[in-house]
Amino acid sequence: MEKIYLVDDEPDLRRALERLLRAEGFKVESHASALDFLARLPAEADGCVVMDLAMPGLDGLEAQQRLLAATTRWPIVFLTGHGDIRSSVQAMKAGAVDFLTKPIKAGELLAAVRVGAAQVREAADLRSRFASLTPREREVMRHVIAGRLNKTIATDLGTTEQTIKVHRSRVMEKLGIRSVAALVSIAQRLGVTPTETAS
Amino acid sequence: MRLIDILWVTMAVACFGVGAIHAHVWLRRRHAQSTRSNLAFAVLAISVAAMGVVELRLMRAPTPEEFNRLLFWYHLPIWSALVGVVAFTHFYLQAGRLWLGLASIGVRTVAILLGALAGGSINYSHIDALGTVDLLGDKVVAVVAAEPNPLLPLSQSALLLLALFIGDATWQLWRRGDRSRALIIGGGLLVFVFVNAGWAVTTYWGLARLPTTGVVFFVPMVVIMAAYLGIDLLRSAELQEELQESERRLTLAAEAADAGLWSLDATSGRFWATPRAYAIFDLPSRGDVSIESLLETIHPQDRRRVDRVLQAARTTDGVSDLEYRIRDRTGGIRWVASHGSSYAGREPGSRVITGVIRDISARKEAEDERALQRVELEHLARVNTLAELSGTLAHEINQPLATIMSNTEAAQRLLAAPQPDLDELRSIMGDILAADERADAVVKRLRAMLRRGPAKREPLEIDAVVQGVAQFLGGELRRRGVMPRLELGAPGARIWGDRVSIEQVLINLINNACDAMTVRNPGKRRLTLRTARAGAELRIEVCDNGAGLKASADEIFTPFFTTKPEGLGMGLAISRSILQSHEGRITARSGPDGGTVFEICLPVHGKDLSGR
């Protein structure tokens, strides 16, 4: 099961939420402040973050900005004492999973956490699929998402159009997708950049 | 009629006349101590009149036997005149050792008695022959040949004692600075005594043939004394006029102040009051008013308090101020202020209690009105403060509610397990209870602050109050990036006050401090709450490291003064008014790190809990 990173400055509530999430079978790691959490941040996102918006020191939105700079994307569920539309819009725009108002209903929290957990799982799955690609296949993939035709790619790589076709279908197969559009989207999520056009 | 007869009769009548007048003065006012000198003088003057009558007979005595018999009668008015002189010196001049005077009277008494026993006077054992001498162109009888009584020196030693007594009195008067009376009365008396003595010695020892003319020496004394007493009478008449005038002024002042005057003779129970005083007490101004009927008009709740003061005034001197309620005959209630004084009366052992009363119902009403307005204003300010804190307060209630909800849902999930973790469930229950108490405390405090009503005074432990407020505002302080620091240095010390009002002052000061500290970055905003005991006072300091005082330390406490765009400018004015009603004060000064220090001083109430 996925890990939950719980960040809240209120010890009572933190303990209560920890209990709830544990009862649902999640592994929970609690932090009293965002700074504390960021200091022990794992290299790769391996769980969903549940974070209070208003905290002394570093507040939730500032912590979100710092997390965006990390190598992998962290799903974040925000908690807030009072519904503040401006900060919720800002949080959602920056890719938060959800924005919950206290008192938090267990159903809402668990649903949001599950969405976050699924995102983490999906991303991990995708990363392992990407890892199974050969260097040649990755190169072909970067040409494809740059929007080039098979023929052009073959000329650039000094091989036949047929070979490129095979590589391309292997990439699609390994990543479990069918369309170029999906490939572009996945490449974006994995941080794979298209090949620059050598003019 | 011959000249001698006319002169002696005139002197006798004149002396009797003034004597009678002063005897009358004494009779009329015999209770007053001051009239004793009138009595003494009357005795002297009437005695001198009697002497004059006897002397006239002596000057015409036909035989030595008759002369001797008259001489005995002559000594009686002389004796009483002596009594008069001693008494006058004692009562009027209030000087001289009395025993000297009394000794003189005693010796004289013995001499008269011994003379009477010998069958004549103290002057002569027997008179052999009478003759005549010239006096004012007339021939009057005088002793020519006689044998002096051997007891005569005894009689004359009485004169010596009298001279000593009067000399002593004169010396005392002189030392007291009463020089004119010492010179005229004391000196005059002394001259009289010496002349008298000289005359007596010369006559009775047969050194010269002189007629018996004692009255001539006494009359000037009577005249001098009468003059002094007359001056005194005149002065007392003047005093009475002045008194009347001062009374008129007093009455005018009392009328202007709408005050009533009253006076009570504590010994006889006699009560006197001006019509205005009767009107204030709502008592009929005719007929006897007893102090009991007066106490009846006082409101039952105030009666014992008033009675206690009155009872104390019955025995001891003192001034007292009282405010109490009176129930008039229609059942209406009026407030009365009384300023009274108790002092010893003129008679020994008597006591007078007198006072001024005013109807202060209007003032009391205005005071009540003002108090009500103050309560309203304080309430308004509290509501305003709470409105400013509403975000934080919502959070303070929401937080425990969220805790309770999440804990409950966690518990439900735990219970669904085949073997629920009971330890965990127990711990959940404990947390729920704690969160509930936390929310309850916030709601209770909110309700207390929102309640409108008069202050409820009770002993308050100041450290606990400061700590409570810091806890209440904990969320707000965290939200605003302020680090609170408590330095509680008055453990157990208490004040007598209204909890909500004192908390209001502290919340207001902390709020101001937070506003002032927005010039610093969050996390660098330091708030210090300090308590300390200084003698009979408790000091509370609220220190910040904010922008500092932007106006003079006095100006900030005036109503409607504010430096905040949306401020009412009432916070500090109300804080000051609250502290004043607690007999405390509040001052502001610049802090050591550029911020502001607000200092509150309140009197310590009773013995504090630590037993210091």
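Anisotropy class assigned to region A:132-185 is prolate, per the alpha carbon gyration tensor with a/c at or over the 1.5 cut-off and a/b larger than b/c.
Peptides B:267-273, B:193-199, B:572-578 ranked from most to least packed by the mean count of surrounding Cβ atoms within 10 Å: B:572-578, B:193-199, B:267-273. Here is the size of region A:108-199 from its Cα atoms: Rg then Dmax, 15.4, 55 Å.
In the protein assembly as shown, the calculated helix contribution to ellipticity at 222 nm averages -18500 deg cm²/dmol per residue, counting -39,500 (n - 2.57) for every DSSP H run with n ≥ 4.
Kindly report the accessible area of region B:203-316 per residue (heavy atoms of protein chains, probe 1.4 Å, no ligands, DNA or RNA), in Å².
Working: 7020 Å² over 114 residues.
Averaged over the residues of region B:203-316, the accessible area is 62 Å².
In cubic angstrom, how much convex hull volume per residue do the alpha carbon atoms of region B:210-284 span? All intermediate terms of the calculation are to be shown ahead of the outcome.
Numbers: hull volume 10.0 nm³, N = 75.
Given the Cα convex hull of region B:210-284, per-residue volume reads 133 Å³.
Return the carbon/sulfur percentage of the accessible area of region B:127-171, one whole number, probe 1.4 Å, all protein chains in place. Numbers along the way, then the final one.
Values: 1350 of 2010 Å².
Carbon with sulfur: 67 percent of the solvent-accessible area.
How well do other chains shield peptide A:51-63, expressed as the mean number of their Cβ atoms within 10 Å of each residue Cβ?
Numbers: counts 0, 0, 0, 5, 2, 9, 4, 0, 1, 0, 0, 0, 0.
The mean count of partner-chain Cβ atoms within 10 Å per residue comes to 2.
Against the criterion of solvent-accessible heavy-atom surface with a 1.4 angstrom probe, A:Ser128, B:Ser581 sort, most first, into A:Ser128, B:Ser581.
By accessible area, using a 1.4 Å probe on protein heavy atoms only, region B:471-612 has 51% of its surface on carbon and sulfur.
With loop defined by DSSP as not H, G, I, E or B, and exposure as at most 10 other Cβ atoms within 10 Å, which is the longest segment of chain A clear of exposed trypsin sites (Lys or Arg not before Pro)?
My reading of the result: A:41-177 is the longest stretch.
In region A:1-28, the residues that give up 40 Å² or more of accessible area when the other protein chains are added, compared with the chain on its own (1.4 Å probe), are A:Glu10, A:Asp12, A:Leu13, A:Ala16, A:Arg19, A:Leu20, A:Ala23.
Using only the alpha carbon atoms of the protein assembly as shown, find the Kirkwood hydrodynamic radius as the inverse mean reciprocal pair distance, in angstroms to one decimal. Don't skip to the end; give the middle numbers.
Working: mean 1/r = 0.0254 Å⁻¹.
That comes to 39.3 Å for the protein assembly as shown.
Positive contributions from Lys and Arg (+1) and negative ones from Asp and Glu (-1), summed over other residues with Cβ under 13 Å from the Cβ of B:Ala227, come out at +1. Helix A:106-131 and the longest principal axis of the C-alpha atoms of chain A enclose an angle of approximately 30°. DSSP finds beta bridges in the protein assembly as shown, and of those with both partners inside it, around 70 percent are antiparallel.
Here region A:1-84 is treated as a sphere whose radius is the Kirkwood value from Cα pairs; by Stokes-Einstein at 4 °C and 1.567 mPa s it diffuses with a coefficient of 100 µm²/s. Our analysis of region B:389-457 gives Rg over Rh at 1.20, with the two radii drawn from alpha carbon positions and Rh computed by the Kirkwood formula. Only lysine pairs 8 or more places apart or on separate chains count here, and in region A:47-199 those with Cα atoms under 25 Å apart total 5.
With a probe of 1.4 Å, find how much accessible area region A:95-154 has per residue, and write the answer as a whole number in Å². Walk me through the numbers before you get to the answer.
Numbers: 2730 Å² over 60 residues.
Heavy-atom accessible area per residue stands at 45 Å².
Spin-label pair B:Thr316-B:Leu234: with each label point 7 Å from Cα along the Cα-Cβ axis, the two points sit 4.6 nm from one another.
Whenever you get a sec, line up B:Arg314, B:Arg29 from highest to lowest accessible area (probe 1.4 Å, protein heavy atoms). Let's see the in-between values first.
Working: B:Arg314 75, B:Arg29 130 Å².
Largest accessible area first, the list is B:Arg29, B:Arg314.
Of the GluC sites (Glu not before Pro) in region B:508-612, which ones lie in a loop per DSSP and count no more than 11 other C-beta atoms within 10 Å?
The qualifying sites are B:Glu566.
Only lysines eight or more places from B:Lys550 in sequence, or on another chain, were considered; those with a Cα closer than 26 Å are B:Lys524, B:Lys564. Nonpolar atom fraction for chain A, defined as the carbon and sulfur part of the 1.4 Å probe accessible area, stands at 52 percent.
Ratio of Rg to Rh for region B:34-122: 1.06 [Cα atoms; Kirkwood radius as inverse mean 1/r over pairs]. Would you work out which of B:Ala12, B:Met405, B:Val482 lies farthest towards the positive end of the dipole of chain B? Charges go on Cβ: Lys and Arg +1, Asp and Glu -1. Farthest towards the positive pole: B:Ala12.
Counted over region A:40-189, the DSSP beta bridges are approximately 0% antiparallel. Per-residue packing, averaged as other Cβ atoms within 10 Å, sorts the ranges B:362-369, B:30-37, A:55-62 into the order A:55-62, B:30-37, B:362-369, beginning with the highest. Out of every Cα-Cα pair in chain B, what percent are more than 36 Å apart? Result for the distance tail: 66 percent. When each full DSSP H helix of chain B is screened for a Cα extent of at least 27 Å along its own axis and an average Kyte-Doolittle hydropathy of at least 1.0, the helices passing are B:3-28, B:36-58, B:98-117. Over the Cα atoms of chain A, the radius of gyration divided by the Kirkwood radius equals 1.10; this is the Rg/Rh ratio. Of the residues B:Ser236, B:Ser590, ranked by 1.4 Å probe accessible area with the largest first, the sequence reads B:Ser590, B:Ser236.
Evaluate E = 1/(1 + (r/R0)^6) for A:Glu139 and B:Arg447, where r is the Cβ-Cβ distance and R0 equals 45 Å; express this FRET efficiency to the nearest 0.05. Working shown, then result.
Details: r = 72 Å, r/R0 = 1.61.
So the FRET efficiency works out to roughly 0.05.
Using every pair of distinct Cα positions in region B:302-352, the Kirkwood expression returns a hydrodynamic radius of 12.3 angstrom. With all pairs of different C-alpha atoms in the average, the Kirkwood value for the hydrodynamic radius of region B:366-488 is 17.5 Å. The contact between chain A and chain B removes approximately 1800 Å² from the accessible area (both sides summed; 1.4 Å probe; ligands, DNA and RNA excluded).
The values are calculated or read from the model by the stated rules, or taken from the named source; none is laboratory data. Since the structure is predicted, the reported quantities are computational estimates derived from the model, not experimental observations. Positions of Cβ are backbone-derived with ideal geometry, glycine not excepted, and every protein chain shown enters the neighbour counts. Just so you know, the surface numbers come from the protein's heavy atoms only, side chains and all, with ligands and any DNA or RNA stripped out. Shrake-Rupley method; radii C 1.70, N 1.55, O 1.52, S 1.80 Å.
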